[in-house]
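Student: Pasting a structure here, questions to come.
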């Protein structure tokens, strides 16, 4: 662009004074000149605004209060009938379940017991065996479920009330969800007495933590999964619209926590969460939390900060805890509980988690809350669609709409795009040094931009990523993780070193490969980020942070050690995750069992993008 | 590099690769895709129609089957109907199209063989818009092949085969009638690049009347054959009529469907007329402006069709994009190829994504997908205007120090 300006110097003005187009050309040139001269500042400003915006997401000043959008829901408008008799029932179920636990009952025995209990209530029930095969070994179990047909309609729609055998405590660390299961049993006993259900009620006690529900839902929807062998379901019902997952691991609970992130970053319709929040607060008298984070206002704030800011800082700290937790679940595509599996089948679901405490709430409160929430979802005439699907809950009663967080990542991606386009257009020109006649005025000559080899390099890094992914999904990798990680890192980081052998080109005739690679790398990374924002904002935000600045500052160098050093840094950024063995194992398990595409995405998109930036540093100037 | 692009080696390799791909089960995953096949070209609808036809039910009575009766006659007599065989037929049709494109290039350059032949075949056979549509068994593959065949014969001066191919093309896609004018001009003149030296039409103008008559005869014969096959005229409103009256609002990559889902019924006829006439108004200006190079005019009209026609699939703009490879003289004068490429990249990623968010995941709505088709339309429009600019710019010659070319 500079070149263009230079070439169209004062002579243009003199010669074309009479032309009516001259003003237009000048205006355009002036605009382009201003923009190109300040492009660097614009870029920095975009980065700055983007990152500051991200930092501002937890701010109490951003966002607004939650509200019910779907009027049909009418949350908390009904009398509840769940009473102490039902609590006693739940206690009795709990005793029996504790007996099973103490007797070390197998999955099958447990499922059979649960089925028998449902059958005793006169509700058709059945069990389902399943086996998942994965590179980390097999996972098997037995689900129990029961279908209470709606007394009022033909059973074309259904609601699910579920509990998994293992609680979500510690992301499924093995704590049993006995009270959750007994709540479901007692609820089955209680709910069948009422004739007001317009939808079938499906009770599911899924085995283990998440895999049981995955098997059950796959079978229910007839979805095939190559590594899953599951019995077909003997009982069927209609289309499931909503699902409530009950997680009550402790003796009593002080709050109910909402866990709402589904796999692959999908969220349930916010109306469901808002209704639950209202019902819990006003019908059950239980305050609601996002996750298990209590709003502790005891954070230490340095005394030099004026006390007027203390409240805001505290609010910010509390909210940022929630937001970071949300980002952690959503970016990795990991559901925050069993409910997360429902979302892939367009079912709005969340987990209500009874935060373990010595009191004051128990079966009485949770029963009433579930009853009332079911009455609310029972009112639906169509799927939840009104409220929001893209949001960030900062507190149970405040949230950010898509418009108030999405632009942050898009700004970063725009900055990267500007950077890429700038380098691309600069590549086309080189100052002509041979002709020194007109001193003081640069002469620019045009040079070619060989795109095909650059695209070849980019494609091969992505293929390398795909090979890397297939390597880490083998049983060999899982069994010898430490050795294999080192080996893979060595191989993957050695292959790009072949770029050192690339011959240096005549820069006056063709643009250097390294610059073109950087241009296209930035453009492609920017595209990926801006497109991912809509599917999974948290992932896009993480990418914007991990790729934004690093990809923009990659540059070749003349000194070999510096080149190698830079490349090593980028390799670390690209492949460092391979040594987070526990995290990696979980991500691979999520991919193989639940179909979470985070692991392949990192291998096939993220790692190659960073490696390309590393290659920019390796390639000759 | 040159030897590796030898067409004798590259072409069979590419076709073999494409055939291998066709034999996998990708088709089953893609054939429901709204971006790759429209209601007018969908393989599922074709199968439905053939089934009804074989069971003695008029396939055009139901409002699902919108293929030409010629497809019915072919698939119920000559061609077998298994999925695998269909995949092979579709892929071979693409191969034929690629071959025709190479022939067009050679005719334009007036040489028997060039080092770019392999590249041009690759530009057609490896264009994802085209090969994904073919894998989805969308009949737009045949539209592209017929369009390329017609242009190839016209470029070689073989009038009757060109007109016959154009008549077939008209049978399966009414909006392709736009190509008739540049095609006739091309037969009457030559395919050689004249962009750098514009002049008035040099061909034999009188010949055009007889060519037009010949085309009409072919069309009438094929139309009668269609009527004979389907036993009546009920196919006309269901096939040709559908691209004018838009009865099926299944989402596609074009600009029509959303507009007409939003429209009050009493405005419908008026806007249908506006949208259809809008396509026609480009023919005369483009043909007049590029009368010295009718092949280029046809190329521009293909781009316009791909952007604005009523039921486009990805393959329609794909044909335009692949054809850019035949006009390398444009490249130095393109103003913003990188922007166009990035727009296409965005659109190609956004469309399947928003389609999934709307129809599978249920978190988005029709506006999302429509927005992504607008990005796609912008990408196609950017490619089109840049090509028109470059095609006009060539004539002005090399950029001169101190001069700027502006458009008034």
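Each value in this text was obtained by applying a stated rule to the coordinates, not by laboratory testing. Worth saying up front: this structure is predicted, and the values here are computed from it rather than measured. Neighbour counts run over all protein chains shown; Cβ positions are idealised from the backbone, glycine included.
Student: Helix A:513-535 versus the longest principal axis of chain A: what angle, 0 to 90°, nearest 10, using Cα atoms?
Tutor: Between helix and principal axis, roughly 30 degrees.
Student: Could you work out, residue by residue across B:341-349, how many beta carbons of other chains sit within 10 Å of that residue's beta carbon, and then give the average as an integer?
Tutor: 3
Student: Which angle from 0 to 90°, rounded to the nearest 10, does the C-alpha axis of helix B:159-172 make with the longest principal axis of chain B?
Tutor: Around 40 degrees separate the two axes.
Student: What average number of partner chain Cβ atoms lie no more than 10 Å from the Cβ of the residues making up B:396-404?
Tutor: 4
Student: As a footprinting exposure proxy, order A:255, A:343, B:32, A:260 by other Cβ within 10 Å, with the fewest listed first.
Tutor: Result, fewest neighbours first: B:32, A:255, A:343, A:260.
Student: Percent relative contact order of chain A, based on C-alpha pairs within less than 8 angstrom and at least six residues apart?
Tutor: Result for chain A is 18 percent.
Student: From the Cα gyration tensor of chain B, with a ≥ b ≥ c the square roots of its eigenvalues, which class applies: rounded if a/c is under 1.5, or else prolate if a/b is larger than b/c, or else oblate?
Tutor: The shape class here is rounded.
Student: Sorted by average packing, counted as other Cβ atoms within 10 angstrom per residue and highest first, what order do A:300-310, A:112-122 take?
Tutor: Descending packing order for the listed peptides: A:112-122, A:300-310.
Student: Moving on to the next point. With a 10 Å cut-off between alpha carbons and a GNM built on chain B, which of B:259, B:53, B:299 moves the most?
Tutor: Evaluated over chain B, the most mobile residue of the options is B:259.
Student: Something else now. So in region A:81-400, what percent of DSSP beta bridges are antiparallel if you round to the nearest 5?
Tutor: 55 percent
Student: Against the longest alpha carbon principal axis of chain A, how many degrees, from 0 to 90 and to the nearest 10, is the axis of helix A:84-102 turned?
Tutor: That helix lies at roughly 70 degrees to the long axis.
Student: Using the alpha-carbon centroid of each, what span in Å lies between region A:559-579 and region A:261-316?
Tutor: Distance between centres, Cα-based: 40 Å.
Student: Still on this structure: Go ahead and set up a Gaussian network model of chain B, Cα springs under 10 Å, then flag whichever of B:231, B:157, B:318 fluctuates most.
Tutor: Taking springs between Cα atoms under 10 Å, the residue moving most is B:231.
Student: Running a GNM on chain B with Cα contacts under 10 Å, which residue among B:78, B:177, B:26 ends up with the highest mean-square fluctuation?
Tutor: B:78
Student: Once you place label points 7 Å from the Cα toward the Cβ at residue A:287 and residue B:114, how far apart are they in nm?
Tutor: 7.6 nm
Student: Per DSSP helix of 4 or more residues, -39500 (n - 2.57); summed, then divided by the residues of chain B. What does that give at 222 nm, rounded to the nearest 500?
Tutor: -19500 deg cm²/dmol
Student: While we're here: Over the whole of B:358-366, what's the average partner chain Cβ count within 10 Å per residue? Rounded to a whole number, please.
Tutor: Rounded to a whole number, the mean comes out at 5.
Student: Which whole-number percentage describes the relative contact order of chain B, with Cα contacts under 8 Å and a sequence gap of 6 or more?
Tutor: 19 percent
Student: Still on this structure, please answer the following. How do B:116, A:110, A:585 rank when sorted from fewest to most other Cβ atoms within 10 Å of their own Cβ?
Tutor: A:585, B:116, A:110
Student: Starting with the highest mean, order B:95-108, B:385-398 by the number of other Cβ atoms within 10 Å, averaged over the residues of each peptide.
Tutor: Taking the mean over residues of other Cβ atoms within 10 Å, the ranking is B:95-108, B:385-398.
Student: Counting helices only, and only those DSSP H runs with n ≥ 4, report the 222 nm mean residue ellipticity of chain A as the sum of -39,500 (n - 2.57) divided by its residues, in deg cm²/dmol to the nearest 500.
Tutor: That comes out to -15500 deg cm²/dmol.
Student: A further question on this structure: If you bin every alpha carbon distance in the protein assembly as shown into 20 Å steps from zero, what whole percent lands in each bin?
Tutor: Histogramming the protein assembly as shown at 20 Å steps yields 11, 36, 35, 16, 2, 0 percent.
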